[in-house]
Amino acid sequence: MNLASTRFEKCIKCTICTVYCPVAKANPNYPGPKESGPDGERLRLKSPEYYDEALKLCTNCKRCETSCPSNVNVGDIIAVARGKFEKKKLNPKLMRDYILSHTDLFGTLSTPIAPLVNKITDSKIIKTIMDKTIAIDKRKSLPKYSFGSFRHWYKKQADTQIQFERQISYFHGCYVNYNNPQLGKDLVKVLNAMNIGVKLLKKEKCCGVPLIANGFHAKARKNAQFNVKHMTEAVEQFNTPILSTSSTCSLALKQEYPHVLNVDNSKIMHKLEFITPFLLREFMNGNMPTLKPVNKTIVYHTPCHLERSGLAIFTIELLRTIPGLKVIVLNSECCGSAGTYGFKKENYEVSMKIGKGLFEQIKQANADFAITDCETCKWQIDENTDLETIHPVSLLAQCLTD
């Protein structure tokens, strides 16, 4: 059974997707999602020779899909075509793409010696060498690793979760596990304050999005099959919802697995949920922890993948439940990072051009914090504005009364 969503018949050639595409606006070398997606697919069905390397310029932000009035999965068509026709060439950029996409491997190797790894990768000399050799732009800072993983921390806390009658299963993803365990700790703190315990899946791997974006579709498919297996086991054994704090992981687990990787997740689809709709529903049903007033102003940036999922309103309304918090919702614009896209030397200028409008909005807002649900949006905003960027769950954790 082919689950991949590459049907293009509903495309009416209105070009709204191209108008809405941040890359098409910033890079004249990109033909746009209509030509790369539905139009290109018609040709690629005739012959693989019609595959265009310009498809690599797509950021997979899904804004084309968000805007499409005919509900064509334009971004998925492009991603599937890349997986089918893109040829990996043995060169330094292949090493770069491997390093940026194999997050479990490099996270596992780096967290035990995180202070050393972070110091090395933050060195101007090392940045220059990476820029000249494997084309990771020297103006970008690689994400910092945590000294110890979230799963390592959780093992010491697991027994404390048994006391709660209600439980959820948490798909933490690479970012929480290797880069920001504090977000996972904040989730445990918030849910425990609501008398909900947190379980982890027995095992999990990277959701696969960095692998898809960098052309390692076979590895991404294996990860997806592995994750579906362990999520299915969790649902069958505990019948818990499976929550994610990453807007990109959440989209991948629900949509990219069947649509792009042709991995069947139908048995668990109804159990997969992003964290903010879950929390808001609990709050509205009376299960809301006591929150202290913060008297702060925040700007909220909607991640592209959360907008594609149609879930941004839940985060916004969740933030509005915090006493004293002034919420400024920014105009929806892509930050330009697009996962690993903005780290690549050939994409850096386009990435910054895409994000410029967002950065200016944030700088003019006179806020105390920036809030976003996406880790790579956080990195981009942290690097290019003066505001600290935090996750909605972490803000809630800070507002809990002791």
Dividing the Cα radius of gyration by the Kirkwood radius, what Rg/Rh value follows for region 8-85?
0.92
Most to least accessible of 116, 100 (protein chains only, probe 1.4 Å):
116, 100
Past 32 Å, Cα to Cα, is the threshold; run 155/222; 155/363; 156/296; 124/378 against it and keep the listed order.
155/363; 156/296
Aspartates and glutamates with Cα under 14 Å of residue 189, excluding same-chain neighbours fewer than 8 positions away
402
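Using only alpha-carbon positions, what ratio does the radius of gyration of the chain give when scaled by 2.2 N^0.38 Å? Write out the running numbers ahead of the final one.
Values: Rg = 20.7 Å, N = 402, 2.2 N^0.38 = 21.5 Å.
Expressed relative to 2.2 N^0.38 Å, the Cα Rg reads 0.96.
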Could you report the accessible area of residue 352 in Å², rounded to 10, computed with a 1.4 Å probe on the protein chains as they sit in the structure?
40
Ordering 164, 171, 147 by accessible area with a probe of 1.4 Å, largest first, what comes out?
147, 164, 171
So, in nm, how far is label residue 383 from label residue 269 when the simple model puts each one 7 Å beyond its Cα toward the Cβ?
3.6
How large is the translational diffusion coefficient of region 40-178 in µm² per second when you combine the Kirkwood radius over alpha carbon pairs with Stokes-Einstein at 4 °C and 1.567 mPa s?
69
How long are the three semi-axes of the equivalent ellipsoid for region 106-148, computed from the Cα gyration tensor as the root of 5 times each eigenvalue, in whole Å, largest first?
20, 9, 8
Computed for region 21-83: size of charge dipole around the Cα centre, +1 on C-beta of each Lys and Arg, -1 on C-beta of each Asp and Glu, debye to nearest 20, value 140
Taking residue 46 as the anchor, which lysines have their alpha carbon closer than 21 Å to its alpha carbon, excluding any fewer than eight residues away along the same chain?
10, 13, 34, 56, 84, 87
Cα-derived Rg over Rh, computed across region 288-399 with Rh taken as Kirkwood radius:
0.98
State the answer as a single residue: which of 280, 113, 153 lies farthest towards the positive end of the charge dipole of the chain, with beta carbon charges of +1 for Lys and Arg and -1 for Asp and Glu, about the Cα centre.
113
Hey, how many Å between the Cα centroid of region 232-287 and the Cα centroid of region 95-151?
30
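The values are calculated or read from the model by the stated rules, or taken from the named source; none is laboratory data. Please read all numbers here as calculations on a predicted model, not as lab measurements. We place every Cβ from the backbone using ideal geometry, glycine too, and count neighbours over all the protein chains shown. Ligands, DNA and RNA are stripped out before the accessible areas are found, and what is left, the full protein with its side chains, is counted by its heavy atoms. Shrake-Rupley method; radii C 1.70, N 1.55, O 1.52, S 1.80 Å.
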